[in-house]
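One structure below.
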Amino acid sequence: MGYSVIDYQIVQDHIAVVTLSRPESLNALNRQMFIELGLVFSEIERDNRIKAVILTGSGSKAFSAGADVSELQRLSAMEARNFALAAYRTQDQICSLPVPTIAALNGYALGGGCELAMCCDLRLASENARLGQPEINLGIIPGGGGTQRLARLVGVSRAKELIFTGKIIPARVAYEWGLVNRVVPLEELMETAIKLAGEIATKSRPVLALAKSAIDRGSDMDLTHALHYEIECFAGCFATEDHHEGIKAFLEKRVPRYTDR
Ligand SMILES: CC(C)(COP(=O)(O)OP(=O)(O)OC[C@H]1O[C@@H](n2cnc3c(N)ncnc32)[C@H](O)[C@@H]1OP(=O)(O)O)[C@@H](O)C(=O)NCCC(=O)NCCSC(=O)CCO
């Protein structure tokens, strides 16, 4: 399928790389971007070969500087609601993808860009990356999950500090706060992301999906329900062919050969 504001590639057979591609506006997220992200994530979901996804931005300055301010400028309250709902649907698709996702933050990840990064399972940042929710400086608040996902990742106090002040934090601080998993030089970012995705891709696809579901769905439950949900996911592993192979390979002291079934 042809895309106009994103690029899509499969590397090393199992790794999908989705690149936000509006470099002239620092990969600002417009309606078309959300439509194409929805389409590409549907394509990825249908493709059983894919075992890890990397989401990044074009150029060396930004992952994404957020929602396209020139589109926001024209919105009525009702239209703003529809814009946020469209973003929500695409983000929900990304969050519930049964495959691990990695955001490779190659520069600014602001507003909707930070929100999109927080929909991914893991975040790697280049040393020049800057993260934040500066919506307050435009007279609005985050509308793509920022008030919720940021608070869950860094805690309510730090989220409030960022959202109330619009302050932008460097990658190092984002790492100290647990907002990103790792910080690497810009020129090593994609190599690091592909290496991490490659390591994940050596595991069983259905078992990765069960691990992701146990963590994500469990974190929305109270502890008792979450622990019971983990038990169901653990039992689900025993319904896969791959768990036989994993255990057999361990006992035979060899590398497992998973069939993703
Ligand atoms: C990211 C900033 C700090 C970079 O500043 P600077 O290096 O000075 O680069 P600029 O000249 O400002 O930007 C280059 C070019 O990109 C356009 N642009 C940048 N961000 C956006 C955007 N979000 N929407 C539309 N266009 C954008 C900018 O206008 C320039 O275009 P020219 O045609 O060359 O003029 C700085 O750009 C910045 O602060 N950006 C806005 C960040 C922001 O407020 N994000 C939140 C948006 S609201 C939101 O996401 C709601 C969802 O919750």
Please work out if GLU115 is away from the ligand (no atom under 11 Å from the Cβ) and among the charged types (D, E, K, R). no
I want to confirm something. Restricting to region 125-167 and keeping residues that are under 16 Å from LEU105 (Cβ atoms) and open to solvent by 70 Å² or more (accessible area, probe 1.4 Å), which single residue is farthest from the ligand (Cβ to nearest atom)? GLU127
Quick one: how many residues across region 21-35 are within 16 Å of ALA104 (Cβ to Cβ) and not polar (S, T, N, Q)? 2
Scope region 38-60; condition free of Cβ contacts under 8 Å to residues at least 60 places away in the same chain and either within 13 Å of the ligand (Cβ to nearest atom) or under 15 Å from VAL5 (Cα atoms) (or both); matching residues: GLY38, LEU39, VAL40, PHE41, GLY57, SER58, GLY59
Count - residues of region 104-163 that are basic (Lys, Arg) and closer than 23 Å to MET190 by Cβ: 2
All-but-one check, VAL69 against (1) away from the ligand (no atom under 16 Å from the Cβ); (2) more than 16 Å from the chain's Cα centre (by Cα), failing number (1)
Being more than 16 Å from the ligand (Cβ to nearest atom), modelled with pLDDT under 95 and over 18 Å from the mean Cα position of the chain (by Cα), is that true of even one residue in region 13-27? yes
Name the single residue that is nearest to VAL99 (Cα to Cα) among those in region 131-150 being assigned to a helix (DSSP H, G or I) and not polar (S, T, N, Q). ARG149
Here are the criteria: (1) touching a residue at least 24 places away in the same chain (Cβ under 8 Å); (2) polar (S, T, N, Q); (3) closer than 22 Å to ASP121 by Cβ. Tell me which single one SER25 does not satisfy. (3)
Report every pair of residues separated by at least 6 positions or lying on different chains whose Cβ atoms are under 7 Å apart, first residue within region 80-95 and farther than 17 Å from ASP220 by Cβ and open to solvent by 20 Å² or more (accessible area, probe 1.4 Å), second within 14 Å of the ligand (Cβ to nearest atom) and part of a helix (DSSP H, G or I). ALA86/ARG31; ALA86/PHE34
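The values are calculated or read from the model by the stated rules, or taken from the named source; none is laboratory data. Keep in mind the model is a prediction, meaning the values are calculated, not measured. Virtual Cβ from ideal backbone geometry, glycine too; neighbours counted across all protein chains shown. The protein model used for the area step is the full one, side chains on, heavy atoms only, and it has no ligands, DNA or RNA in it. Shrake-Rupley method; radii C 1.70, N 1.55, O 1.52, S 1.80 Å.
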